[in-house]
There are 2 protein chains.
Amino acid sequence: MRSRLFRSLAILLLCSSLFAQTATNNSAQLQGFTREDSDSERALEARFDASLRREDLREWMRRLSARPHHLGSAYDHDNAQFIAEQFRSWGYETEIEEFHVLFPTPKTRLLEMVSPEHYTAKIAEPPLAEDATSNQTAEQLPVYNAYSVDGDVTGQLVYVNYGVPRDYEELERRGVDVRGKIVIARYGGSWRGIKPKVAAEHGAIGCIIYSDPRNDGYFQGDVYPKGAWRNEWGAQRGSVADMPLYPGDPLTPNEGATTNAHRLPIKNAPTLTKIPVMPISYGDALPLLRALSGPMAPDEWRGALPIPYHLGPGPTTVHLKLEFNWDIVPAYDVIARLRGSERPDEWIIRGNHHDAWVNGAEDPLSGLVAEMEEARAMGELVKSGWKPKRTIVYCAWDGEEPGLLGSTEWVETHADMLRRNAAVYINSDTNSRGYLSMEGSHTLEHFINGVARDVIDPEKKISVYERDRANRIINGSDEDSRREARERADLRIGALGSGSDFTPFLQHIGVATLNLGYGGEGNGGSYHSIYDSFDHFTRFIDPNFEYGIALSQTAGRAVLRLANADVLPVEFTGLADNVDVYVHEVMKLADDMREETERKNRQISEHLYEQVADPATPSVPPKPQSIVPFINFAPLQNALVRLQESAKSYDAAMRAYTARGGNLSPAAERELDEILMRTERAMTTQEGLPRRPWFKHQIYAPGFYTGYGVKTLPAVREAIEQRNWAEASGQIVIVAKTLDQVSAEIDRATARLRGTE
Amino acid sequence: MRSRLFRSLAILLLCSSLFAQTATNNSAQLQGFTREDSDSERALEARFDASLRREDLREWMRRLSARPHHLGSAYDHDNAQFIAEQFRSWGYETEIEEFHVLFPTPKTRLLEMVSPEHYTAKIAEPPLAEDATSNQTAEQLPVYNAYSVDGDVTGQLVYVNYGVPRDYEELERRGVDVRGKIVIARYGGSWRGIKPKVAAEHGAIGCIIYSDPRNDGYFQGDVYPKGAWRNEWGAQRGSVADMPLYPGDPLTPNEGATTNAHRLPIKNAPTLTKIPVMPISYGDALPLLRALSGPMAPDEWRGALPIPYHLGPGPTTVHLKLEFNWDIVPAYDVIARLRGSERPDEWIIRGNHHDAWVNGAEDPLSGLVAEMEEARAMGELVKSGWKPKRTIVYCAWDGEEPGLLGSTEWVETHADMLRRNAAVYINSDTNSRGYLSMEGSHTLEHFINGVARDVIDPEKKISVYERDRANRIINGSDEDSRREARERADLRIGALGSGSDFTPFLQHIGVATLNLGYGGEGNGGSYHSIYDSFDHFTRFIDPNFEYGIALSQTAGRAVLRLANADVLPVEFTGLADNVDVYVHEVMKLADDMREETERKNRQISEHLYEQVADPATPSVPPKPQSIVPFINFAPLQNALVRLQESAKSYDAAMRAYTARGGNLSPAAERELDEILMRTERAMTTQEGLPRRPWFKHQIYAPGFYTGYGVKTLPAVREAIEQRNWAEASGQIVIVAKTLDQVSAEIDRATARLRGTE
């Protein structure tokens, strides 16, 4: 006990001396706070930082990862109870909320090459002496893709690279057709669920997904257990449900999967795959790919296996047989509340999932234990007399891995309440070493930059903001982004697609959202394998939990500021600036497509493709495409101008208000907050996106053909990408109206602020 | 005999019908000809085309590749005699000119890994049942690099990627030093001789060069004998003499290696390597690279071996022992002449080498047999009564492989005569299937475009110009080059660096030069191996010798036109346009370096590199560099303007002359030719390039640190690249004066043309 106290003191002293380096930031007034409240908030945050303990993270990770704890497993339930007990012990009103969700697990998994030779895929990851939990074979979920349909198919194999739509265009150019074939795609280039979806659209009857050593194996570094990277037999489990349609329980879209929920028959569930899908290791992929012939794959498609990558079809012929137990299993969400003292109906929600594919030390426990430590430290502040103005809700979600089940069902169950009360949702998931990744709603861009300026990087003793900025200046993907990192007041934050539990909050309800985590240095290839273990994490990822503590400091500080601020610290200039970028991107997209279409059509009509083609290699010239019409973007442009002006006016009003010392009455502050909360809600429409009404946000969505990857202004952008010009024109009007709604809310907030003059 | 005649007729008929497709070109007046002479020239070319026979190419290739025929071998001499006999039988005045050159061959070759385990490199290519000549082990030169010094070194291994200067900067950034170490570099990224040169400059004591399967093996396609690509034990022989200093016999720079030539002592020969060098297969490289540890190589450095590419140093420790027989051997150049009827002292020289590393079916016989067929067909024209106006000289060079020995020694021996008489040199070397590659002096750009418009692609039945243009429009490396291919009157031809026998003509003497060949489709990995055989060539490269015939048609047509033209068909607008590009490139180079230096220095002074660096990975921030001063490019810019104006005036004068029907007296035409021949001579200086006076051309040179790759305006460009600002300023003045000399010659030619008005 003594030694721990001593260490905490040492950390406190260290932190104090470091804060001195960023004194300018620490003396700045915090957004949303009066001068006075800003100072006491900073003092509170210093106490918060001082009480964070790396030992907690280590012990909790060890405990929670001790056995496999996937959705539906005994240890998953045990973990939920353990987490709930902790929250209770720290003073939170805690409950475990239970849902009942469809979760298929494998009954039969057979993949064999039947021609030109026979090979039966191992589809098993061997236990390793160097990894203490890797031998828990009886409790481990085997390697599989959740929500693949049952199937028993035999067919010639075709290599389809990442299996995204563009790859099928390349195949067509080489005369390769996947109809009636089984495709093999490598992981990467898109979210995995896109691969079987696109394969089925092109007529394939089965889909194999493998981890190529180029992306996820020895090409990246020494393999486990010598190094951190995926070894020959490591394979990636994962969901292949069509989550860009809707996430959560496939049987209960738009509705919480409670005991009595209305459930679709399994055969009607639209998010199950259309064809059987199976993930394999590169050890299992090698014999299959080596036996392929046909044209060579394009250069960029070739991975790091020591073979020529041919496309097929065949002669490799494979037999894939999959059968699943289509069970309904319980999901346990842990929900813990600290009631707000002044505005209990405004909720700051913080979440991370607790279920894993196997032992899940990095995914998700690295993020979860940081969240728990935040909550514990906050509980200590409460015990010492502090109370948050707003209600704080800590969540540990179950069933994220198969499809954001726990979070989605909870959000769907409490949708009305959340629409009224949810101010901000802050998500984390896996955490590693390196740079802070900041993503989320752009109304929070300035806010989270402010937080990042006040958290110290454990390796470099500068703020995590400064380190991220240095990284963008040196390693930014292009000159514009490098210059922007140097010159823009705030670092631009990434827009959110999907891939973790923020999706239902942001995209279904319209709750302003942040997703935070550290990464870029603690690399490796344990993702969704049995080797994502305590041993692997503490050797290769964040051995001393320093970045776990940094995450606690970052997300915890965000929660504290959001909970304590006099006025919710959202802002709209950053939003308008980002929407400006998106509007110009979609306009440029149409222009580029027009030019490219004209260029290609001309080349086709001049027979240039035939003239260039090598007669020794199969080659089909591209087909001419209809020209790209000019589209009326004016509604979007006008809405953008209005948004920019509204943002500017709010800024001016806020500056004036701050200069006056922030003199709204508590009731007026509450009213203002309510308007501000509605600004993100105003970015949604009741109808949602075309063909996927569950997704209601009009600025951010996961791509229908990219999965996790974000599409901004999705209805417009995807209509253009799909060459649906009529829909593009129609959606421009809808998105413009939506932006006008946002401007109207901002104007209301401005008026409320000015009403005090 | 009958069937051959029939086939020739069929080809003739086919060609006739095809020519109809490009009728506009065939009716156009040929550059340098009067209308009348143009028509008779076209008729002559049709007869020439009609007499070309694929069977000849096949039989000669079979005969010449039947045994290994490297410099100094019995079969090399036998081949020279065979070739000379052929030329004599076709009516050429033929001689074999003999030189005596230094040619080291291996006595001891030992490469072994002594730690962490023991492995002795095989350094041997196994005979294959599928390749009839691969088992001629007794006559094959073993795998080695010619002009490596003897050596016996042991040291830790470091992987240096391509081993070019930029790669050593990356190593420094990762804290890896090669002093006292043995480096292993992969083939590619530069000419091979650069690798040991740069390694020695950085303090390495030995150099291994291997063929990575990424560049030259299974990553590219099925390996031999299943496919065309380099197999596990295939290795690339080749010269590593410092040819950017001077090519040819290392002992006789600037002087023909005749019996009584002055010879340097071997130990003083500056073009021998400074450290021992040895090429190996990827089969031999794998154990060495697999045992390396240390930091991971940068992503782009990683090849296709199934291992993590570490940099080292060590623990791999290797022992390299090399001893050579330092023999002086005879080189046999075959020189065959058709004396010009009107201007015998103006020579059109055509050459291809005949020596190979082993059997050399593709390199060099694919080009040589096409040249021989040209010469045979031309001989037939002579027998039927035609006589060239100018003298035609056909050459078959020996000793190209070790270092352009035969051509260089011949040029050095006859330098004065060539300065007086050489009008144009046309080179070819290996030939394959695909697109015409046109490189050379830009005074011949318009001319060779005209030739390409009149040769029909055997696969596509359009002109080879059209096919090349289509390829550039579709596959051009950037938008500018794609647009240019569509819009520019002529396809831009490549500038020449080095790598084949054109170098002494162009760069030592200043003879206008072309280098021609087909390629892009018949790919494979037999280069400089025992598998470059008749079997390999006729399976994978140009099975029916269709592109061999296309090369005969292209180079033969060029020779015929150059030999018959009333006025030498050189032109200067294309030259000026290309020099314009080069001048702007070197100006931009300095500007870009200035900006980049400022950017980097700022980042260094702000400690951004330290802030970004991962403490778990060794990393050394770059060192600040002195700022790039503004350089006076005005002399170059003024010289360019003068060149452009001179070119324009010559064009106008030539148009007027042509419109008048071309009415110079024979003597005046001869005088004009002499001036035109001097224009390329005027691009040279007596002093040559800084530190390498053998290279006299001021517009084209092989890069001092790239080898084969061209550097245009080399003295200026390389001074800037090496940050030698004083030298850059000085060389700008010299190059400007040289360009002024060229303009003065052009003005003289213009005056001569106008003198007839």
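The values are calculated or read from the model by the stated rules, or taken from the named source; none is laboratory data. What you see is a predicted model; the values in this text were computed from it and never measured. Note: ideal-geometry Cβ built from the backbone for every residue, glycine included; neighbour counts use all protein chains shown.
Here the condition is being buried (at least 18 other Cβ atoms within 10 Å of the Cβ) and at pLDDT 95 or above; of B:L664, B:L643, it holds for B:L643 alone. Filtering B:D566, B:D580 for residues that are touching a residue at least 60 places away in the same chain (Cβ under 8 Å) and closer than 30 Å to B:S341 by Cβ leaves a single hit, B:D566.
Just one of the listed residues (A:G221, A:G234, A:G248, A:G312) is touching a residue at least 12 places away in the same chain (Cβ under 8 Å), surrounded by fewer than 22 Cβ atoms within 10 Å (Cβ to Cβ) and not assigned by TED's automatic domain parsing to the domain that holds A:N523, namely A:G221. Taking the criterion of being more than 9 Å from chain B (Cβ to nearest Cβ), over 18 Å from B:R483 (Cβ atoms) and out of contact with any Pro (no Cβ under 9 Å at 6 or more places or on another chain), the only residue of region A:591-618 that qualifies is A:M593. Taken over region A:330-364, the criterion of being among the β-branched types (V, I, T) and either surrounded by fewer than 24 Cβ atoms within 10 Å (Cβ to Cβ) or within 17 Å of the chain's Cα centre (by Cα) (or both) is satisfied by A:I335, A:I349. Only one entry in A:G314, A:G303 is at pLDDT below 95 and either more than 30 Å from A:P569 (Cβ to Cβ) or away from every other protein chain (no Cβ under 14 Å) (or both), namely A:G314.
For A:D651, which of the numbered conditions (1) out of contact with any helix residue (DSSP H, G or I) (no Cβ under 9 Å at 6 or more places or on another chain); (2) in contact (Cβ under 8 Å) with a residue 24 or more places away in the chain; (3) among the acidic types (D, E) fails to hold? It is condition (1) that A:D651 fails. Among the residues of this structure, A:A656 does not count as one that is of a type in the set (A, V, I, L, M), modelled with pLDDT of 95 or more and in a helix (DSSP H, G or I).
Taken over region A:38-78, the criterion of being of a type in the set (S, T, N, Q) and either over 24 Å from A:G248 (Cβ atoms) or surrounded by fewer than 18 Cβ atoms within 10 Å (Cβ to Cβ) (or both) is satisfied by A:S38, A:S40, A:S51, A:S65. Does B:S148 count as at pLDDT below 95 and either over 30 Å from B:V612 (Cα atoms) or not assigned by TED's automatic domain parsing to the domain that holds B:T120 (or both)? No: the conditions fail for B:S148. One residue is enough: does region A:487-497 have a residue meeting the conditions at the interface with chain B (Cβ under 9 Å from one of its Cβ atoms) and under 25 Å from B:P615 (Cβ atoms)? No: zero hits. Inspection of region B:616-630 finds no residue satisfying the criterion of being under 23 Å from B:D747 (Cβ atoms) and either surrounded by fewer than 14 Cβ atoms within 10 Å (Cβ to Cβ) or assigned by TED's automatic domain parsing to the domain that holds B:S729 (or both).
Within region A:404-440, if we keep just the residues that are of a type in the set (V, I, T) and not in a strand (DSSP E or B), the residue that is nearest to A:P569 (Cα to Cα) turns out to be A:V411. Among the residues making up region B:441-478, those that are outside any helix (DSSP H, G or I) and more than 8 Å from chain A (Cβ to nearest Cβ) are B:S441, B:D454, B:V455, B:I456, B:D457, B:P458, B:K461, B:S463, B:G476, B:S477, B:D478. Counting just the residues of region B:278-296 that are part of a strand (DSSP E or B) and within 29 Å of the chain's Cα centre (by Cα), which one comes out surrounded by the most Cβ atoms within 10 Å (Cβ to Cβ)? Looking at residues that are part of a strand (DSSP E or B) and within 29 Å of the chain's Cα centre (by Cα), I get B:M278.
Across region A:701-729, the number of residues qualifying as outside any loop (DSSP other than H, G, I, E, B) and touching a helix residue (DSSP H, G or I) at 6+ places or on another chain (Cβ under 8 Å) comes to 13.
The residues of region A:223-274 that are touching a strand residue (DSSP E or B) at 6+ places or on another chain (Cβ under 7 Å) and among the polar types (S, T, N, Q), listed by number, are A:N231, A:Q236, A:S239, A:T258, A:T259. Within region B:189-224, restricting attention to residues that are in a loop (DSSP other than H, G, I, E, B), within 14 Å of chain A (Cβ to nearest Cβ) and of a type outside the set (S, T, N, Q), the residue that is nearest to B:S498 (Cα to Cα) is B:D212. The set of residues in region A:377-401 being part of a helix (DSSP H, G or I), surrounded by fewer than 24 Cβ atoms within 10 Å (Cβ to Cβ) and of a type in the set (D, E, K, R) consists of A:E380, A:K383.
Condition check for A:Q507 on (1) within 14 Å of chain B (Cβ to nearest Cβ); (2) at pLDDT 95 or above; (3) crowded, with 19+ Cβ neighbours inside 10 Å: one failure, at (1). Restricted to region B:618-630, and to residues there that are in contact (Cβ under 8 Å) with a residue 60 or more places away in the chain and more than 20 Å from A:R469 (Cα to Cα), the residue that is farthest from the chain's Cα centre (by Cα) is B:P618.
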